[in-house]
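A short worksheet on the structure shown next.
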Amino acid sequence: MHYQETVLIQGHIIDSLILAKVLDTILMMGGTFDFQEVHIGKTREEPSRARIIVRTSSAKLLSEILHAIQPHGASVESERDCRLTAAPADGIFPDEFYATTHLSTQVRLRDQWVEVEGIEMDLGIRVDPMGLTARTIPMGQVKRGDLIVTGREGVRVIPLQRPRDRDVFSFMESQVSAERPHGHIVGDITKRLVQLRAGFREGKIGSKVLLAGGPAIVHAGGREALTWLIDEEFIHVLFCGNALPAHDMEVDLYGTSLGYGHVAGRVVPHGHEHHLRTINRIRAIGSIEAAVRSGVIKTGIMAACVRRGAQVVMAGTIRDDGPLPGVITDSVEAQASMRAAIPGIGLALLVASTLHAVATGNLLPATIPSVCVDVNPAVPTKLADRGSFQAVGLVMDAASFLRELARELGWKP
Amino acid sequence: MEAMSRLLVCPPDFFGIEYEINPWMRRSNAVNSDHAVRQWHHLMRVLEKDVGVVLERMKPVPGLPDLVFTANAGVVMGRKAVPSRFRYAERQKEEAYFEDWFRTHGYDVFTLEEGLVFEGAGDLLGFPDGWFGGYRQRSDIRAFSILSEWFTREILPLELVDSRFYHLDTCLCPLSGGELLYYPAAFDRYGQAAIAERITPERRLAVPEDEAMKFACNAVCVGKQVVLPAGCPHTGQLLEARGYCLHPVPLDEFMKSGGSAKCLTLALD
């Protein structure tokens, strides 16, 4: 968590070096600062004024710094608690409800800044009845009488801190272009994946990697690479629809994806039926997991997920065949299941699916580095335009991306 | 803050050490009242006869031993007066008497909000165009931004880092010729740099520690006349070299309480 307080200092603070002393004190004690406002007196008599945001990594250090600079005239600005209004009915926020961004947010409750949990864009903030904790809540889940933050007073959004790692994620280049070299981006993702796997194996929180992907991964030939990435514990959570698992298992059962010979690339007679037969088979068995455990499905992405215990959330759409058992057809419920899988994610790869990329982007806090990979430049652009500015856009074929990534990590096809 | 011509003083009828609120005060180190009265009258004679100032005498009050230190009554410029708000409860009882004196003598009295401590001319000294404010020991730095607005003067706050020099007038004394008598170690490096930025090296007169401990900086300067505690030969030489006329006065009874010549006076005009 990130701690900050705004202090105001005024008077003849420049020539007396009082401002310099206050700033030196903040830095020497291990804090950082930003100027929110500086006014320098134009004459010797006219006083100067500075409004400074003091930032620290712990509440204790913040209090120590404020204590140390207070005798030099830096006083904490008095701020008000946030306004709370009871929800008028189930599923309805009060008017003027505060709509969240995907940036870390704090609300002031009983004179204390409290971190809002479960940060995600486009939600409301519910405060517990005791008024001590705050958590985001989707509109549909609000219950009549819930205390919802309204207005903007007593709410503050913490700007994204530049990450310490000097890689592609620290620059947040949302600029998307097919003409730019992508080698360094893949290289930086590789480094992150290696670090995160080490963290994951040590049980470190925030070390899980999420991949949200579409069936093009299978059609284009990225299935083996992704399977390897899951088997090698580089990917721990998979978000997809009905098609990705259907075609993945179709390859295993029939050697085709959407009827095309997976290796030869030719249309196979009656191949268009293969995915339906696959879905039907799995429905008969009862679950993908049972199909893998019983040996019916031996290879591929879903088999790797079952073997490795990777979490899979399958969200259905209106064009789905079947669907496969386990596909969530209620979109509100699907959203909730995806949301529940977000905590602990340290990197998100959004590959070859407009729908799942945007849906996942909506759920991710800005603090989670994300990459959006698509052959169509419009997809990463759309994601950035919808607010997920932290996502690095990569215009690239899904299979090429996954194969290159896996190869850099040691995959030998 | 013009050269002093009229000073507020208070006879030491009830002066003594009845509490300990600075490192100089020891209740066991009792004041010899006869000596104190004699020293005070000697100082007054020098101020009136040798320096030629007019003295305004306040009525001493039983139970207020430090009322004698009128430098802490408040600060005065022209017809405006700001009475002190003392840090310690022991001296807070003096506030009403000082404020009353200002009011009955026709000053426009500006009062600081309660709790914002400021100990008057003890912590606010300077030259006609810019003042220094001592903070951290007795005065709150936030008082100076208010005072600078009321008096339309620049006030550069200086942190007092040595508790023996608990008021600015114990370690800094502006002189009428633009020189500054001061004890540098009473300030941190920021304060020393701020002083150096304002006062050229040849006008900065640094007092040695042993004389600073005798309150050499607690001097009264009116024109070319300087009244200072006796026993500060080095400081005397510094002043004489710049053409000042010295009037050393023994004030050791008042030093037992942490005060000397300047603390015993308040410039009124």
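Any read-out appearing in this document is the output of simple, stated calculations on the displayed coordinates, not a laboratory observation. Being a predicted model, the structure only gives us computed values, none of them experimental. Neighbour counts are summed over all protein chains in view; Cβ atoms, including those assigned to glycine, are modelled from backbone coordinates with ideal geometry.
Give the percent of DSSP beta bridges with both residues in the protein assembly as shown that are antiparallel, rounded to the nearest 5. Antiparallel bridges make up about 55 percent of those DSSP assigns within the protein assembly as shown. Listing A:R110, B:R164 from fewest to most neighbouring C-beta atoms within 10 Å gives A:R110, B:R164. For the stretch A:37-61, the residues whose backbone nitrogen is under 16 Å from a point 7 Å from the Cα of B:E149, taken along Cα to Cβ, are A:39-42, A:45-51.
With no solvent and one point per C-alpha, what does the Debye sum give as log10 I(q)/I(0) for the protein assembly as shown at q = 0.08, 0.11 Å⁻¹? Each listed q maps to, in turn, -0.73, -1.02. Each Cα pair under 8 Å and six or more residues apart adds its sequence gap; the mean of these over the residue count of chain A is a relative contact order of 15 percent. Just how far, in whole angstrom, is the stretch A:229-248 from the stretch A:366-390 if you go by their alpha carbon centroids? Cα centroid of the stretch A:366-390 versus Cα centroid of the stretch A:229-248: 20 Å apart. Contact order for the stretch A:83-157, expressed relative to its length and based on alpha carbon pairs under 8 Å spaced 6+ residues apart, stands at 44 percent.
Scanning residues 5 or more positions from A:G154 or on other chains, those with amide H under 5 Å from its amide H are A:R80, with H placed 1.01 Å from N in the peptide plane.
Multiplying the residue separation of A:T32 and A:A340 by 0.36 nm and subtracting their alpha-carbon distance yields 107.5 nm.
Expressed as a whole percent, the proportion of Cα-Cα pairs in the stretch B:1-97 lying more than 16 Å apart is 62%. Note that the stretch A:168-408 shows a convex hull volume over its alpha carbon atoms of 119 Å³ per residue. Across the alpha-carbon atoms of chain B, the computed radius of gyration and Dmax are 16.8, 46 angstrom. Projected onto planes of every orientation and averaged, the convex hull of the alpha-carbon atoms in the stretch B:66-159 covers 5.5 nm².
With the cut-off at 1.5 for a/c, could you classify the stretch A:295-373 from its C-alpha gyration tensor as rounded, prolate or oblate? Oblate. Under 18 Å from a point 7 Å along the Cα-to-Cβ line of A:L8: which residues of the stretch A:68-83 have their amide N that close? Residues A:69-81 qualify, since their backbone N sits under 18 Å from the label point. Between the alpha-carbon centres of the stretch A:281-360 and the stretch B:107-182 there is a gap of 72 Å. Just going by the charge dipole of the stretch B:136-202, with Lys and Arg at +1 and Asp and Glu at -1 on Cβ, which of B:G191, B:I155, B:I141 is farthest out on the positive end? Comparing the listed Cα positions along the dipole, B:I141 ranks first. Under a 5 Å amide H cut-off, with hydrogens placed 1.01 Å from N, B:L181 pairs with B:C173, B:L175, B:L205 among residues at least 5 apart or on other chains.
For chain B, a crude dipole built from +1 on the beta carbon of Lys and Arg and -1 on the beta carbon of Asp and Glu, taken about the Cα centre, is about 260 debye to the nearest 20. For the stretch A:23-165, the convex hull spanned by the alpha carbon atoms encloses 145 Å³ per residue.
Rounded to the nearest 20 debye, the dipole size of the stretch A:3-76 about its Cα centre is 40 debye, using +1 on the Cβ of Lys and Arg and -1 on the Cβ of Asp and Glu. Work from the charge dipole of chain A (Cβ charges, +1 for Lys and Arg, -1 for Asp and Glu, about the Cα centre) and give the residue of A:V127, A:A366, A:C82 farthest towards its positive end. Of the listed residues, the answer is A:A366. With the cut-off at under 13 Å, measuring from each backbone N in the stretch B:155-171 to a point 7 Å along the Cα-to-Cβ line of A:E45 picks out B:155. Here the dipole of the stretch B:202-244 is about 200 debye; that uses its Cα centre as origin and unit charges on the Cβ of Lys and Arg (positive) and Asp and Glu (negative). In chain A, the longest principal axis of the Cα atoms and the axis of helix A:59-69 are about 20 degrees apart. Given the options A:H236, A:H270, B:L239, identify the residue whose Cα lies farthest towards the positive end of the charge dipole of the protein assembly as shown (+1 on Cβ of Lys, Arg; -1 on Cβ of Asp, Glu). Positive-end residue among those listed: A:H270.
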